[in-house]
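Right, one structure below, let's go through it.
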Ligand code: 5GP
């Protein structure tokens, strides 16, 4: 048995042996069979990941049963889109029958919500759900899970049907992703300081995921997600979106990238309470913020830059010096306290943000390489 394996560009450590998986399945079979006794259940596996679990589960199942599969997907490449679609449906008639869903892993619960949506319209006698693996720290939905094989921490795992970018499904044990090199950076600075431009270059250089709060808001509102609707209701009334909503959106976004090398947060956190929430959220994953890297530019230079940008950006708030100064005041009042917050932790790195794009990128790299 190999303790460390490599799939594509990533290393994984042995985490759960096949023996332990086997015991968990035996216990699941026992609980399900005790509950439904001599009825003939329809076991429905959720493809692709559950195919091995289903095969092992039903071979241990002591009485007659039917098997069916549905296929759901939330991934485009390796990135979860956050919306789950049904790609292949049921072929068995489940009218009046006891259906037991067999899921390989439940993480955020988005897939589970879709499963309940599909089955609530079907005339089944009763619906039960068993999952082999469950991540309680990430699961935030109020949906029932009847049987749990093994609860695991918030780690990305492969093996026993689960893949990393299509590899690893054939491993008989479970392996967890090695993430000790994760780099999480907050890119900080006034509006117009060049954060967007630099974030694009840094994400290429360090293979990080760039999370721009503005983009996350626009995505949620455009896709009419639950959180998008809540955010919009505040915005429509001219009110600020509460921190709790912004934080939830950010968490969902981060959770989409289960195998990331790290993140560049841009436009977040904006308040101390957001910073505290981010820290606590990363701590659950065994991660930290490595540093706040700030592009420091004098206000007068920024005003000129933004007015220049306003000639082509079409943004009305880029075209008047008065409006720009109002944005700066707001920044000073609310966001600048974060500088102190990270300074106290010894994690604030100010960088001269005046110069050519390349010069500024080099200054950033000097700091980030040493984080
Ligand atoms: P959820 O919708 O609960 O966030 O995630 C469910 C789906 O995401 C699973 O069916 C699985 O495809 C994928 N997933 C969640 N966590 C992991 C993990 O740790 N490893 C792998 N390989 N896939 C995962």
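Throughout, read-outs are computed from the coordinates displayed, never taken from laboratory work. Everything numeric here is computed off the predicted structure, so don't read it as measured data. In this analysis, Cβ positions are derived from the backbone assuming ideal geometry, glycine residues included, and neighbour counts consider all displayed protein chains.
Compute the distance in nm between two label points, each set 7 Å from the Cα along the Cα-to-Cβ direction, one at residue 35 and one at residue 87.
In this crude spin-label approximation the distance works out to 2.8 nm.
Can you give the FRET efficiency for residue 327 and residue 20, using 1/(1 + (r/R0)^6), R0 = 51 Å, r = Cβ-Cβ distance, to the nearest 0.05?
Step by step, r from the Cβ atoms, then E = 0.40.
Sketch the reach of a paramagnetic label on residue 303 as a point 7 Å from Cα along Cα-to-Cβ, and name the residues of region 311-354 whose backbone nitrogen lies under 12 Å away.
Flagged as within label range: 320-329.
Each label point is 7 Å from the Cα along the Cα-to-Cβ direction; what then is the distance between the points at residue 320 and residue 362, in nm?
If labels sit at residue 320 and residue 362, their model points lie 4.1 nm apart.
For every helix of n ≥ 4 consecutive DSSP H residues, a contribution of -39,500 (n - 2.57) applies; sum these over the chain, divide by its total residues, and give [θ] at 222 nm rounded to the nearest 500 deg cm²/dmol.
Helix contribution divided over all residues of the chain: -12000 deg cm²/dmol.
Compute the angle between helix 272-284 and the longest alpha-carbon principal axis of the chain, please, reported from 0 to 90 degrees and rounded to the nearest 10.
Tilt of helix 272-284: around 40 degrees.
Please give, to one decimal in nm, the separation of the simple spin-label points placed at residue 236 and residue 71, each 7 Å out from Cα toward the Cβ.
3.9
In a Gaussian network model over the chain where Cα atoms closer than 10 Å are linked, find which of 63, 121, 246 has the largest mean-square fluctuation.
121
So how do 363, 218 line up by other beta-carbon neighbours within 10 Å, fewest first?
218, 363
Taking only Cα atoms, what is the 0 to 90° angle, nearest 10, from helix 243-256's long axis to the longest principal axis of the chain?
Computed tilt is about 60 degrees.
Can you give the relative contact order of the chain as a percent, counting alpha carbon pairs under 8 Å and 6+ residues apart?
Once divided by the residue count of the chain, the mean separation gives 15 percent.
Whole angstrom only: what separates the Cα centroid of region 277-329 from the Cα centroid of region 238-268?
Going from one Cα centre to the other spans 17 Å.
With angles folded into 0 to 90 degrees, how steeply does helix 213-222 sit against the dominant principal axis of the chain? Use alpha carbons for both and round to 10.
That works out to roughly 50 degrees.
Connecting C-alpha atoms closer than 10 Å in a GNM of the chain, tell me which of 334, 256, 285 has the biggest fluctuation.
Sorting by GNM fluctuation, first place goes to 334.
For a quick check, take a GNM of the chain with Cα springs below 10 Å and name the residue from 288, 145, 101 with the largest mean-square fluctuation.
Residue with maximal mean-square fluctuation among 288, 145, 101: 145.
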